[in-house]
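Reading through the C-alpha cells given below for one structure.
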Amino acid sequence: MRTTSNPVFKNLPKQQGGGGYANFGQGMPGAPAGQPYGNQYPPNQYGQPGQYQPYTPPAQTTRSITIDDIVTKTAMTLGVLSVTALVSYILSATSANNALAMPLMLVGLIGGLVLALVAIFGNKTDNPAIVLPYAAFEGLFLGAISFVFANIISVGGTGMIAQAVLGTFGVFAGMLVVYKTGAIRVTPRFTRMIIGATIGVVVLMLGNLIASFFTDGGFGLRDGGPIAIIFSLICIAIAAFSFLLDFDAADDLIRAQAPEKAAWSVAFGLTVTLVWLYLEILRLLSYFNND
C-alpha cells in the first residue's frame, strides 16, 4: 500500500504483522469474515445489517505553484501597473500647467508605500487584494514621475522614458540568463551581501533627503554631478542583482510545492525590484538630458 505524503500520518504507529495502522483494519471481536468492522451499523428498515461505507478522503482544494502561475500573476500585476502609469502620464501631460502631476505622484507614492508595508510586515504578499492595488498605486506614481523627469527636470521626453523601459527589461532578461546558466550562484553569503547593500543605499537616500532640507543638494547623491552618477550606477547594480534573489525565491517555492497563491508573492517581489530599477535608470538618463 502506498504511504501517505503527509508527515503527520507517517508518525502513526503501524500494525505489526499485517496491513493498516495499529487497531485499524482489523475486524471487531467476533466479526465474521468479510466484515472488517463487524455489524457496527444498525439494521435498516428491512431488518438487514447496515451497509458499510468506506471512508473517502476529501478532495484537495489547492494545488502546488508552477512556473506558469508565476508568469501569469506577474503579467497581471505588471499589466495593472502599466495601464495606470499610462493614464497617470496622460493626465499629467494634459492637465492645465501640469497641475495633476504632483498630486498623482504623491497619491501613488503614499498609497504604494502603505500597501507595501502592510504586505511585508503583515505577511500578506500572497494576497491579490493587496498586490494588485499596490501595482495600481505604483502605476500612478511612475506615470507622474516619468512625466516630471522627462519633461520638467530634463528634456528627454518620451524617448527617454522608452529608453528607461527598454533598459529595465533588458537588465531583467540579462539577469534571468545569468541565473539560469548558473554564472552567479545565490548563496547565503551572496544574499546577505545584497540585502546589506540594499539597506545601505536606502539609508544613504534617507540621509541625503534629510540633508537636503538644510543644505542645497544634500550629500550630492541626487544633484546630477559625478557623485550622483556613481550612486545611481551602484543602485542599478544592486537592483539588478536583487533579481537573482527573486528568481531563487521562486525556485524555492516551486521545489517546496507551495500553494498556488504563493505566485502573488513572487509577482510582488519582482514588481518592487522592477520599479526600483526603472526609477534609477530614468534618473540616470535625466542627468545626461539636462538643459
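Contact map, region 149-170: first residue outside any helix (DSSP H, G or I), second residue loosely packed, with under 12 Cβ neighbours inside 10 Å, Cβ cut-off under 9 Å, separation 6 or more or different chains; pairs are 154/288; 154/290; 154/291; 155/290; 155/291; 156/288. Of all the residues in region 160-182, those that are under 19 Å from residue 146 (Cα atoms), open to solvent by 40 Å² or more (accessible area, probe 1.4 Å) and hydroxyl-bearing (Ser, Thr, Tyr) number 0. With open to solvent by 20 Å² or more (accessible area, probe 1.4 Å) and more than 30 Å from residue 67 (Cα to Cα) as the only criterion, which of 190, 219 stands out? Residue meeting the stated conditions: 219.
For region 197-216, residues that are surrounded by 11 or more Cβ atoms within 10 Å (Cβ to Cβ) and either touching a Leu at 6+ places or on another chain (Cβ under 8 Å) or under 25 Å from residue 247 (Cβ atoms) (or both) total 8. Among the residues making up region 232-290, those that are under 27 Å from residue 161 (Cα atoms) and small (Gly, Ala, Ser) are 232, 237, 239, 240, 242, 267, 269, 286. Return the residues of region 92-115 that are open to solvent by 30 Å² or more (accessible area, probe 1.4 Å), in contact with a Leu (Cβ under 7 Å, 6 or more places away or on another chain) and free of Cβ contacts under 8 Å to residues at least 40 places away in the same chain; say none if nothing qualifies. Of everything in region 92-115, just one residue is open to solvent by 30 Å² or more (accessible area, probe 1.4 Å), in contact with a Leu (Cβ under 7 Å, 6 or more places away or on another chain) and free of Cβ contacts under 8 Å to residues at least 40 places away in the same chain, namely 107. Among the residues of region 63-75, is there at least one that is modelled with pLDDT under 90 and either more than 17 Å from residue 135 (Cα to Cα) or not in a loop (DSSP other than H, G, I, E, B) (or both)? Scanning region 63-75, I find at least one residue that is modelled with pLDDT under 90 and either more than 17 Å from residue 135 (Cα to Cα) or not in a loop (DSSP other than H, G, I, E, B) (or both), so the answer is yes.
The rows are residues; the columns are (1) hydroxyl-bearing (Ser, Thr, Tyr); (2) within 23 Å of residue 197 (Cβ to Cβ); (3) crowded, with 18+ Cβ neighbours inside 10 Å.
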| site | (1), (2), (3) |
| --- | --- |
| 228 | no, yes, yes |
| 235 | no, yes, yes |
| 239 | no, yes, yes |
| 253 | no, no, yes |
| 259 | no, no, no |
| 265 | yes, yes, yes |
| 275 | no, yes, yes |
| 278 | yes, yes, yes |
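The values are calculated or read from the model by the stated rules, or taken from the named source; none is laboratory data. A quick note: this is a predicted structure, and the numbers were derived from the prediction, not measured. Reconstructed Cβ throughout: ideal geometry from the backbone, glycine too, with neighbour counts over all protein chains shown. To get the accessible areas, we keep the full protein, side chains included, count just its heavy atoms, and leave off ligands, DNA and RNA. Shrake-Rupley method; radii C 1.70, N 1.55, O 1.52, S 1.80 Å.
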